Amino acid sequence: MFDKSNQLIFYINAAIFAFGILVALLTNFVVHGLIFVVCAALLILDQIRQNKSAFSIADLRKILTVHDTCGKKATLTQTQMTTACHVDNSEYWFRNIRAIGSISNFRVNNGDPVEQRKDNDSYQVCMKFPPELKVINGTDLTLTYQCEGAFTQNEGMLSHVVDDDTQRLHLTVELPSGRAVATARFFCIQNGKEEALLPPVITGQTKIDAEVKNPKRGAEYCLQWNWEEEGLLQKVSCMF
């Protein structure tokens, strides 16, 4: 729940809380003990509030559509039911956007993002909420962008880094007919360690689905697949 520094503070507050209860129950200083209890409880609640992510997501769906058997052109659509945890949250940042090749044409809810940044190979895209939108009650956000030359190898991957508290994560890859899926796997990476998850579902050799409930915050979830080997004609056509 907390990192190491916050854990120490939490334990201190919990000890104060327990000390206050003991003082109130076992001594004549009932009022003093209750003061300790109330103060410690308020500090613990405030720490939990500060540690909570700025947004919570009920359902996040990420769909990668590859348009050609060469893997040169693809579109990614990310939809999520997003709720602001604080009333003063006025913007949302889509982070950790990356792919081999180039990424372009970012759109958020069919509009241009108000800000776009690139840090090394990772993009960040910002959407500002209009005043009339009550994000604290929940709203649907949709991010789309195009990828060029991102899936030209036999192995491809769709991934997502969990930045906010999320109840369900669904990853889908839609591949063009004419080049079937050979193998696919679903796994997550956290603190440099890889953990295998339930195998993804492959439909019609061109669609791959994977889902996880309550994904770990800070972890990267990866849906990886291998295409069948290209034929000679396909290899030649993809060169032009």
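The values are calculated or read from the model by the stated rules, or taken from the named source; none is laboratory data. In this text the structure is predicted, and so the values were computed from the model without any measurement. FYI the Cβ positions are ideal-geometry reconstructions off the backbone, even for glycines, and counts take in every protein chain you see. SASA here: full protein model, heavy atoms, side chains in, ligands and nucleic acids out. Shrake-Rupley method; radii C 1.70, N 1.55, O 1.52, S 1.80 Å.
For the reader, a short list of remarks on this structure follows.
- Selection of first residues in segment 202-216 that are under 13 Å from THR172 (Cβ atoms) and of second residues that are small (Gly, Ala, Ser), restricted to Cβ pairs under 7 Å at least 6 apart or on distinct chains, gives the following pairs, ordered by first then second residue: ILE202/ALA184; THR206/SER177; THR206/ALA180; ILE208/ALA184.
- Residue tally, condition within 17 Å of GLN78 (Cβ to Cβ) and over 17 Å from the mean Cα position of the chain (by Cα), over segment 139-150: 3
- Within segment 152-190, considering residues that are of a type in the set (Gly, Ala, Ser) and over 15 Å from the mean Cα position of the chain (by Cα), the one most open to solvent (accessible area, probe 1.4 Å): SER177
- The set of residues in segment 109-151 being open to solvent by 30 Å² or more (accessible area, probe 1.4 Å) and of a type in the set (A, V, I, L, M, F, W, C) consists of VAL114, LEU133, ILE136.
- Answer from ARG61, ARG95 - the residue that is touching a residue at least 24 places away in the same chain (Cβ under 8 Å), in contact with an Asp or Glu (Cβ under 7 Å, 6 or more places away or on another chain), open to solvent by 70 Å² or more (accessible area, probe 1.4 Å) and not in a loop (DSSP other than H, G, I, E, B): ARG95
- Lone unmet requirement of (1) under 27 Å from LYS213 (Cα atoms); (2) modelled with pLDDT under 80 for ILE63: (2)
- Across segment 191-221, the number of residues qualifying as under 18 Å from ASP68 (Cβ atoms), in a strand (DSSP E or B) and open to solvent by 50 Å² or more (accessible area, probe 1.4 Å) comes to 1.
Residue-wise test of (1) β-branched (Val, Ile, Thr); (2) touching a residue at least 60 places away in the same chain (Cβ under 8 Å).
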| site | (1), (2) |
| --- | --- |
| THR142 | yes, yes |
| GLN153 | no, yes |
| LEU158 | no, yes |
| ASP164 | no, yes |
| VAL181 | yes, no |
| GLN190 | no, no |
| GLU195 | no, no |
| ALA219 | no, no |
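- Number of positions in segment 64-92 that are of a type in the set (Gly, Ala, Ser) and assigned to a loop (DSSP other than H, G, I, E, B): 2
- Among the conditions (1) modelled with pLDDT of 90 or more; (2) touching a helix residue (DSSP H, G or I) at 6+ places or on another chain (Cβ under 8 Å), the only one that GLU115 does not satisfy is (2).
- On inspection, GLU228 fails the criterion of being surrounded by 12 or more Cβ atoms within 10 Å (Cβ to Cβ), touching a residue at least 40 places away in the same chain (Cβ under 8 Å), of a type in the set (Asp, Glu) and under 16 Å from ARG61 (Cα atoms).
- Residues in segment 1-26 that are open to solvent by 100 Å² or more (accessible area, probe 1.4 Å) and either farther than 15 Å from ALA41 by Cα or modelled with pLDDT under 75 (or both): MET1, LYS4, LEU8, LEU25, LEU26.
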